[in-house]
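The values are calculated or read from the model by the stated rules, or taken from the named source; none is laboratory data. Keep in mind that this is a model prediction, so the values were computed, not measured. No Cβ is skipped: glycine too gets one built from the backbone with ideal geometry, and neighbour counts run over all protein chains shown. What goes into the accessible areas is simple: the full protein's heavy atoms, side chains included, and nothing from ligands, DNA or RNA. Shrake-Rupley method; radii C 1.70, N 1.55, O 1.52, S 1.80 Å.
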Amino acid sequence: MKRTIRTAVLTAGALIAALGLPAGAAHADDPAARVDLRVLVVSDGGPSTAAIAAELDSAGTPYTEIDLTKSGRPTIDAAFLADTVDGRPRAKYQAVVLPNDNPFPAGSAEMTALASYERTYGIPQVDAYTWARPAVGLQYFAAGGYGGSLDGVQAGVTAAGRGGPFGYLDGAVPFEDNSPSVGESYAYLAQPAPGADFTTYVDAPIPGTPRRGALVGEYRHDGRRELVVTFVYNRYQQQFRLLARGIVEWMTGGVHLGASRNYFAVHVDDVFAADDRWDTQLNCTPGDVDCAGGGGTPNPIRMTAADADHAIEWQNRRGFTFDMAYNGAGSLDQREDHEGVDQLADKLLAERNRFRWINHTYTHAYLGCEQDTSVVPWRCATTLLGTVKWVGRTAISDEIALNRVWGQSSGLPLQNDELVTGEHSGMAILPQQPQDNPNLALAVGDNGVAWLASDNSRDPEQRRIGPASTVARYPMNIFYNAGRVTEQVDEYNWIYTRRSQGGSGICEDHADTTTCLPAPLDTTTGYAGQIVPQEIRTALGHVLGNDPKPHFIHQSNLAEERIAYPVLDGVLDAYGAFFADNTPVVNLRMKDIGSELQRRAAWKNAVKAGQVTAYRIGDTVTVTAPSGVSVTASLPEGSRIGAAAFGSPYAGRVSGWTPSAGTPVSFTLPSAAAAPARALTGSATTGTPATGPAPAAAPVPAPAPRTYVPAAVRERSSDALRG
């Protein structure tokens, strides 16, 4: 009997240690605690907690938000935070996010309850944005530190950060400086307070000194752990996007539902065809619908065999694959006009396996309503009775089928269930065509299309059109009708300047979606000086935002002066400078992107509806989701489902999807995986005293919070950004 009791005591003790519980947190004869895989986000309406909540939402990580500014909100007390389930103590949240280290009034019972909860169950706390002072393990920023703008400053991940939650970064964390007239980032920099157990993960140089001050660090005290963040941010800013993954990994110990990766795919439309050219004198595109009465003489842009060679060389050098959206009739026209010769097609078909290929319809015909181009902008043609004339089901089906047959006879490695219609036509386009062509759904069904491209600036949400699901694509602001820098800048000026400056005034008429330039750009320097950096920022923001949607350009942008490459190189160069080798860009084809979006939507709907439960007990994670909803999780490398390895490696973890039949799915974590961090016992522990000036002798009043929150970059759309 004594042997049995002693064995039980040792087993319970081992479980307590594995769960990170402090001595006395559970009796020896209690079962190991259950920790639910859900985050508690306590918000005060500020941008920093909103940014963390958005990161959790994007990944599909369940969280509960308490808004301190709203009356009638739940009270945070012991019963709100923990209870008992099946005789087992349960921690309802695996992490706590606060707007600062203590957003409650002095002596608050809610903060007392939170501190006790964190101490008892080893639950970490994120201080989303607070100021430097000893209460968070730092010296007062006024004592040899800094409080002010960090616009344009190069921060960095420390050795401790790279060896810990930010190991997916190479080290550099540059702070944005997008406008000299707008303050974008405010921060407090300070070194750890003497005697504080504080580990700096991200720091930046303190102006006027040789020292560096903490921006993100871990403070261990009073049996608790806090991630202290001393700069303000919003969800779109690059510095937050770089650090967001590490914040989540720190608070969850690398064990959480949901997953995040960095995606980049580029579709090249109109391959084999020729694109009409912008006329800098007429301010329209001869041969296209924006030139009233067919004015001007078309001067088409088409890739050459040398351009194809350059694309192949670029792909090899960058380790990247283009998705070529092709129009077979373009090659037929070229051969008819040049005695059977098409050197571009010969080159691309000889190197067909270097690329991925997508059906873009045979002639790039407009597949929505019949267009009346006698006016600018065009309008839908109507019958005498006023009903819309639609392109017919047979005509749409022929465009799809003929192009497929051409591609198959040319040996292209096709996925026949993918389709990009010309200009994303057939789907609703405002203001002229407020509804889908009803024949489109029938035609895609006739041809087995499962994935249909849409324009993200017009139709961002995945939806069904007949049997097909849409895959929204981001338009890059590199125009289809520009093969040279001067043409691109001239058209850019036309769209984005006011009438008083010689522009079209489109930006004035559509201020909700476009932003006017302060002055026209120089046609020789404006592309490299302003358009390229802006497009890099926009595209890189999507890449860093766990957003798998593809971007699209046109074959004209790979021809002549090859104006797309500076943007694409800029995105990949910046990415390579930020991320370690264990966090590569994920380059998916269209159907895989569609599947990812579809699985995410089903998962998020189930989470939102409260249909997902998940918890950890020791080294076992159990998740239950509705039948047909795949489960997604991020776990330590070596995690298993039964005897099978789970997921694929990314950013030092494994993540992925596993089917659910409505019954619990169990993951086994590797024995070496860190359990929820052990809570500290007793009073604050001490570390190596920090160097630098001592903290101020008297408390420094908290400064007024500085919150620089630049608006998100608007995605611009125009007829120049066609599909």
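Any residue at all in the range 287-297 that's closer than 29 Å to P649 by Cβ and among the small types (G, A, S)?
There is no residue in the range 287-297 that is closer than 29 Å to P649 by Cβ and among the small types (G, A, S).
Of the residues R318, R302, only one is farther than 30 Å from L440 by Cα, under 36 Å from the mean Cα position of the chain (by Cα) and open to solvent by 30 Å² or more (accessible area, probe 1.4 Å); which? Give the derivation first.
Details: R302 fails: farther than 30 Å from L440 by Cα.
Sole residue among the options that is farther than 30 Å from L440 by Cα, under 36 Å from the mean Cα position of the chain (by Cα) and open to solvent by 30 Å² or more (accessible area, probe 1.4 Å): R318.
When the range 369-385 is examined, which residues are found to be more than 14 Å from P434 (Cα to Cα), assigned to a strand (DSSP E or B) and open to solvent by 80 Å² or more (accessible area, probe 1.4 Å)?
Scanning the range 369-385 gives no hits.
Looking only at the range 647-668, which residues are in a loop (DSSP other than H, G, I, E, B), open to solvent by less than 20 Å² (accessible area, probe 1.4 Å) and in contact with a strand residue (DSSP E or B) (Cβ under 6 Å, 6 or more places away or on another chain)?
S660
What pairs come up if the first residue lies in the range 510-539 and is on the phi > 0 side of the Ramachandran plot and in contact (Cβ under 8 Å) with a residue 12 or more places away in the chain, the second is open to solvent by less than 30 Å² (accessible area, probe 1.4 Å) and among the hydrophobic types (A, V, I, L, M, F, W, C), and their beta carbons are under 8 Å apart, counting only those six or more places apart or on different chains?
none
For G445, indicate whether it is within 30 Å of N353 (Cα to Cα), modelled with pLDDT of 95 or more and in a helix (DSSP H, G or I).
Spelling it out, G445 is indeed within 30 Å of N353 (Cα to Cα), modelled with pLDDT of 95 or more and in a helix (DSSP H, G or I).
Which ones in the range 448-493 are out of contact with any His (no Cβ under 7 Å at 6 or more places or on another chain), among the small types (G, A, S) and outside any loop (DSSP other than H, G, I, E, B)?
The answer is A468, S469, A472.
Would you confirm, using the coordinates I've provided, whether A132 is assigned to a strand (DSSP E or B), touching a Leu at 6+ places or on another chain (Cβ under 9 Å) and either buried (at least 20 other Cβ atoms within 10 Å of the Cβ) or at negative phi (or both)?
Against the criterion (assigned to a strand (DSSP E or B), touching a Leu at 6+ places or on another chain (Cβ under 9 Å) and either buried (at least 20 other Cβ atoms within 10 Å of the Cβ) or at negative phi (or both)), A132 does not qualify.
Count, please, the residues in the range 55-68 that happen to be open to solvent by 20 Å² or more (accessible area, probe 1.4 Å) and either under 20 Å from the mean Cα position of the chain (by Cα) or not hydroxyl-bearing (S, T, Y) (or both).
Filtering the range 55-68 for residues open to solvent by 20 Å² or more (accessible area, probe 1.4 Å) gives 57-58, 63-65, 67-68.
Among the residues that remain, those that are also either under 20 Å from the mean Cα position of the chain (by Cα) or not hydroxyl-bearing (S, T, Y) (or both) are: 57-58, 63, 65, 67-68.
Selection size over the range 55-68: 6.
Within the range 498-528, restricting attention to residues that are over 16 Å from T486 (Cβ atoms) and of a type in the set (V, I, T), which residue is farthest from the chain's Cα centre (by Cα)?
Selected residue: I506.
Scan the range 429-475 for residues that are open to solvent by less than 30 Å² (accessible area, probe 1.4 Å) and polar (S, T, N, Q) and report the count.
Qualifying residue count for the region: 7.
Scan the strands (runs of 3 or more DSSP E) fully inside the range 1-108 and keep the ones with 2 or more residues being at pLDDT 95 or above and under 23 Å from W250 (Cα atoms). Can you show your working first?
Details: elements: 34-36, 39-43, 63-67, 82-85, 88-91, 95-98.
Answer list for the range 1-108: 34-36, 39-43, 63-67, 88-91, 95-98.
What pairs come up if the first residue lies in the range 415-428 and is touching a residue at least 60 places away in the same chain (Cβ under 8 Å) and open to solvent by less than 10 Å² (accessible area, probe 1.4 Å), the second is of a type in the set (F, W, Y) and not in a loop (DSSP other than H, G, I, E, B), and their beta carbons are under 9 Å apart, counting only those six or more places apart or on different chains?
E418/W357; E418/W451; L419/W451; V420/F552
Taking into account only those residues within the range 334-359 that are over 20 Å from I312 (Cβ atoms) and not in a strand (DSSP E or B), which is least open to solvent (accessible area, probe 1.4 Å)?
Checking each candidate, the answer is G340.
For the range 576-620, which residues satisfy the criterion of being out of contact with any strand residue (DSSP E or B) (no Cβ under 7 Å at 6 or more places or on another chain), open to solvent by 50 Å² or more (accessible area, probe 1.4 Å) and in a helix (DSSP H, G or I)?
If the condition is that a residue be out of contact with any strand residue (DSSP E or B) (no Cβ under 7 Å at 6 or more places or on another chain), open to solvent by 50 Å² or more (accessible area, probe 1.4 Å) and in a helix (DSSP H, G or I), then D592, K604, N605, K608 are the ones that fit.
Pairs only if they're at least six apart or on different chains, beta carbon under 6 angstrom, first in the range 44-69 and over 16 Å from Q94 (Cα atoms), second of a type in the set (G, A, S) and surrounded by fewer than 17 Cβ atoms within 10 Å (Cβ to Cβ); list them, first residue then second.
T69/G45
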